[in-house]
1. Over the chain, what portion of Cα pair distances is larger than 37 Å, expressed as a whole percent?
2. Please work out the Kirkwood hydrodynamic radius for segment 68-109, using every pair of different C-alpha atoms, and report it in angstroms with one decimal place.
3. Take each of the peptides 33-45, 112-124, average the number of other beta-carbon atoms within 10 Å over its residues, and list them starting from the highest.
4. Using only the alpha carbons, work out the radius of gyration and Dmax of segment 17-89 in angstrom.
5. Mind jotting down a quarter of the surface of the convex hull over the alpha carbons of segment 134-175, in square nanometres, one decimal?
6. Quick one: Cα convex hull volume of segment 116-160, Å³ per residue?
7. For the chain, modelled as a GNM with alpha-carbon contacts under 10 angstrom, which of 143, 57, 219 fluctuates the most?
8. Of 149, 260, 25, which is the most mobile in a GNM of the chain whose springs link Cα atoms less than 10 angstrom apart?
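Each reported figure results from applying straightforward, stated rules to the coordinates on display, with no laboratory input. As the structure is a prediction and not an experimental result, all values here were calculated from the model. A quick note on method: Cβ atoms are made from the backbone with ideal geometry, for glycine too, and the neighbour counts reach across all protein chains shown.
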């Protein structure tokens, strides 16, 4: 089976998050660009970066004071005051709950429409939000009080397939009151075989990659948002740069010697989100090698490659 794999290197621009139409148009354009070289008969998988959906919580329909805030915390506090005493009394978790209910339909619909139009499996990146469900009489509603870093898969029919949560958190995520997720949506069976997604740091943990491999996944998606300069010394070993360490310890190494895993996608976020700047080089990987990579660690783009897959 021929499959066209693409990792989107998405940039952060407030203008694309301020309305549903702007966001939907952006997602459509990024998917179209990522699939520009895809053969018509090939299956298609396109992955977006970690935290791609997070700005929707802040910038969708935002007052100017939110857009002009110096930090994400300050922006959240502005929203809390704007949303009224009931939400303000809940603190930061109230911000996540209230804004996720508004942003979720926008986030979901953009990827559902793009998946249908391009006949592709899409991994929609991730955001910080409570677990959400929906039913006709209640609409969208949160499940519990926790906030998680989770993303979602959409199939070519525009249906959500799974919502993997991040299990291993960075200090900044804990500071933002995000909780560790649970195993469950990280592996999904599809018409093109079993796919897996381990959000950023999760894919550097051997035990989690082992679980994805043992579940029969041939593809490992590692959506990432790296808040470190790509060319700066790597804190764990200053003799290597952040980028050198990322590629040396990342998907090419993690895929090697596995029973089922054959290919990987590492879409990365670039640009500024309030006080945090993200850099990285999105890539398509195979065991021991990089098949395609975005050359500029600071600019948007896409890495894509056709591959042959044998599925059981």
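1. 11
2. Kirkwood hydrodynamic radius for segment 68-109: 10.7 Å.
3. 112-124, 33-45
4. For segment 17-89, the Cα-based Rg and Dmax read 17.1, 55 Å.
5. Answer in nm², one decimal: 4.4.
6. Taking the convex hull of the Cα positions in segment 116-160, it is 74 Å³ per residue.
7. 143
8. Judging by the Gaussian network model, the answer is 25.
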